[in-house]
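Right, one structure below, let's go through it.
The values are calculated or read from the model by the stated rules, or taken from the named source; none is laboratory data. The shown structure was predicted, so the numbers you read here are calculated from the model rather than taken from an experiment. Positions of Cβ are backbone-derived with ideal geometry, glycine not excepted, and every protein chain shown enters the neighbour counts. Calculation scope for accessible area: heavy atoms of the full protein, side chains included, ligands and nucleic acids excluded. Shrake-Rupley method; radii C 1.70, N 1.55, O 1.52, S 1.80 Å.
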Amino acid sequence: MVIHESAEDYLESILIIQEQSGQVRSIDVVNKLGYSKPSVSIAMKKLRESGYITMAGDGNITLTDSGMEIASRIYHRHRTITRLFELMGVSPEQAAADACKVEHDLSEETFGRICAYVEDLPL
């Protein structure tokens, strides 16, 4: 399955917003990502057409199973890489920002090694 980084970011953001507030609307995505309303509207249309989200009549956005699979994978990568960077002494804010930059591009092999390393460390 090939999906662009921007779509992964949108799906991850939808998942995070869902976990934080219980429901997601396009304006929530606008506020989280800082993108324009038209850009988010176009992205939501593409995600809906690709089968990654559904949108209810009231504007509530829900991840489909395939959307949830991608969002969960990216969010797991984000949290794990952020933790690694923090363990290395990077500030939480910078660690999260840097994790966003690399979470999409790491190979499965490298990410697997990071997971094994981070999981072996004490909390």
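At a glance:
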{"read-out": "Estimated FRET transfer efficiency (LEU106, ASN60; beta-carbon r; R0 25 Å; 0.05)", "value": "0.15"}
{"read-out": "Highest-MSF residue in the chain out of ALA99, ALA56, ALA43 [GNM, Cα springs under 10 Å]", "value": "ALA56"}
{"read-out": "Relative contact order of the range 79-123, pairs being alpha-carbon contacts under 8 Å that are 6 or more residues apart, as %", "value": "46 percent"}
{"read-out": "Accessible-area value, GLU19, 1.4 Å probe, nucleic acids and ligands omitted, Å²", "value": "120 Å²"}
{"read-out": "Average Cα contact separation per residue, the range 1-103, under 8 Å, 6 or more apart, as relative contact order %", "value": "25 percent"}
{"read-out": "Choice from ARG25, ARG77, ARG113 showing the highest fluctuation, given a GNM over the chain with Cα pairs closer than 10 Å", "value": "ARG113"}
{"read-out": "Derived scalar couplings ³J(HN,Hα) [the range 75-87; Karplus, 6.51 cos²θ - 1.76 cosθ + 1.60; whole Hz; x for Gly, Pro]", "value": "5, 4, 4, 4, 5, 5, 5, 4, 4, 4, 4, 5, 4"}
{"read-out": "Stretch gain in nm, segment LEU121-GLU19, where the contour uses 0.36 nm per residue and the Cα spacing is subtracted", "value": "34.1 nm"}
{"read-out": "Per residue, in Å², the accessible surface of the chain once ligands and nucleic acids are set aside, probe 1.4 Å", "value": "60 Å²"}
{"read-out": "Accessible heavy-atom area order of CYS115, CYS100, highest first, probe of 1.4 Å", "value": "CYS100, CYS115"}
{"read-out": "Extent along principal axes [Cα atoms of the range 36-92; Å; largest to smallest]", "value": "45, 27, 18"}
{"read-out": "Pair GLU5, ILE42: separation of 7 Å Cα→Cβ label points (nm)", "value": "1.8 nm"}
{"read-out": "P(r) weight above 20 Å for the chain, C-alpha pairs, percent", "value": "45 percent"}
